[in-house]
1. For the stretch 1-59, give me each residue that is in a loop (DSSP other than H, G, I, E, B), among the polar types (S, T, N, Q) and either modelled with pLDDT of 95 or more or under 17 Å from SER114 (Cβ atoms) (or both).
2. Can you give me the number of residues within the stretch 344-361 that are in contact with a helix residue (DSSP H, G or I) (Cβ under 6 Å, 6 or more places away or on another chain) and small (Gly, Ala, Ser)?
3. Within the stretch 111-149, restricting attention to residues that are part of a helix (DSSP H, G or I) and β-branched (Val, Ile, Thr), which residue is nearest to PHE92 (Cα to Cα)?
4. For the stretch 134-148, which residues satisfy the criterion of being buried (at least 19 other Cβ atoms within 10 Å of the Cβ) and either at pLDDT 95 or above or aliphatic (A, V, I, L, M) (or both)?
5. Consider ILE279 carefully, then state whether it is of a type in the set (A, V, I, L, M, F, W, C), more than 21 Å from ASP312 (Cα to Cα) and either surrounded by 14 or more Cβ atoms within 10 Å (Cβ to Cβ) or outside the structural domain of ILE371 (by TED's automatic domain parsing) (or both).
6. Looking at ILE320, ILE313, ILE354, which one is more than 25 Å from GLU217 (Cα to Cα), surrounded by fewer than 17 Cβ atoms within 10 Å (Cβ to Cβ) and not aromatic (Phe, Trp, Tyr)?
7. Quick one: which strands (runs of 3 or more DSSP E) sit completely within the stretch 292-409 and have at least 1 residues that are of a type in the set (S, T, N, Q), touching a strand residue (DSSP E or B) at 6+ places or on another chain (Cβ under 7 Å) and within 25 Å of GLN247 (Cβ to Cβ)?
8. Could you grab me the full set of residues in the stretch 175-203 that are in a helix (DSSP H, G or I) and hydroxyl-bearing (Ser, Thr, Tyr)?
Amino acid sequence: MNNFCSIFFYEGYVCVAPTIINLSKSLNNHGYLVNIYATKTQFTNIEKIGNSTTVTYFHKVSHVPLISRLILTLYYKLKIETKIPLIELIVFAYHCLVNLFKANNSKSLKKNISIGVDTNGSILALMESCFFKRKFVYLSLELNDPNNLKGLAKIINLLERLAYRKSECIIVQDEDRFKTLCEYNQYQHPQVFYLPNSSSSSKAIVEVLQTKNYFREKFNLNEDQFSYIVLQAGAIEDAVLSKELAQAFASINNRCALVFHEREKRELYDPYIKLLQEINSKNLFLSLEPVPYEQIDCIYTPATIGLAFYKDINNNYSQISMASGKLSYYLKHGKPVIVNNLQSLARLIEKYKIGVVVQDPLNSLEMESAIETILSNYSFYSKNASICFEEEFDFAKKINPILSFIESL
């Protein structure tokens, strides 16, 4: 391979980031060696993706015990909380740049590019472009409101805006999120590509997995008692209305098993998990062991219906439709969905008729009615789900214009 790409992903949750994994694989297929620079997280820290992508991890300052205690002491004594994000960025930048200088092989490669993910990643890509004269791309996974940074940390906002302007193009999930991104960075970038947080279609994999049922085997679910599996995949937390859904299903008697599948390892003695069990001990099943990304499809094939619920916390959640990994996987596997009434989700439901929007997640009658509506015409909703995926979410189709643009740089 004669090309090289650095991906700066400060947030670090590589193993649960479909966009990062599939983007690196696509670059590999187009002749790029890829190195992802990330911070260590509570998720599994995978070090290789295929044969041509390496992931290099660094500790966050706040995750080093001695330093974190020092920061905590200074936090209370000197009120340095506004400086912590800046300190974290400086340390991450130091590690990345030292690594880049050691590995600088620009003379032996035809093309060097970099991709900066969100705020800190884009700033690192900007720095690399200054030191090594490389072109870079701004990739948005999350919408980070600049108003969340205070005091000296506002420097980060200024650097991100500069990176946003200097980038060759913007990659973001959809038009709504692009508008928000332009507003946050005070610039209407002239070159944008839309790339959903998704995977590529793979009918062969789906057909093989249809012979297995991960959750029926895991929880020994009897088909007569639990004829249907309603799945909410991903995080188990308030931001995705876990308690509300558990409570609503506790009053539903239609042979549905409600399954929450976590993306990180959790324990039964976790206070939040114990609370959910207290709320619903009747038909709630908690899958607390994540599976490797290569096996993630086995989580979605057993589901009858998928749930995609999000609190309207900020733009990152309210404009979630094309950024929701679980939604894309439900649709990939032809699973109808039930969602709460966020505009971006409701608009997708209305356009493709892929499921039902509920107004009140706590309302058991409304939830039960939504399930019955889907089950009464399941093939219709399932077919539409597959169509929606092919038209809106298929990563393989959406990535081609981006790769062509990168090749032209």
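1. Within the stretch 1-59, ASN2, SER52 meet the criteria.
2. Qualifying residue count, the stretch 344-361: 2.
3. Across the stretch 111-149, the extreme among qualifying residues is ILE123.
4. Hits for the stretch 134-148 are PHE136, VAL137, TYR138, LEU139, SER140, LEU141, LEU143, ASN144.
5. yes
6. ILE313
7. Correct list: 337-340.
8. THR180, TYR184
The values are calculated or read from the model by the stated rules, or taken from the named source; none is laboratory data. None of these values were measured; they are calculated from a predicted model. For neighbour counting, all protein chains shown are included, and Cβ atoms are generated from backbone atoms with ideal geometry for every residue, glycine included.
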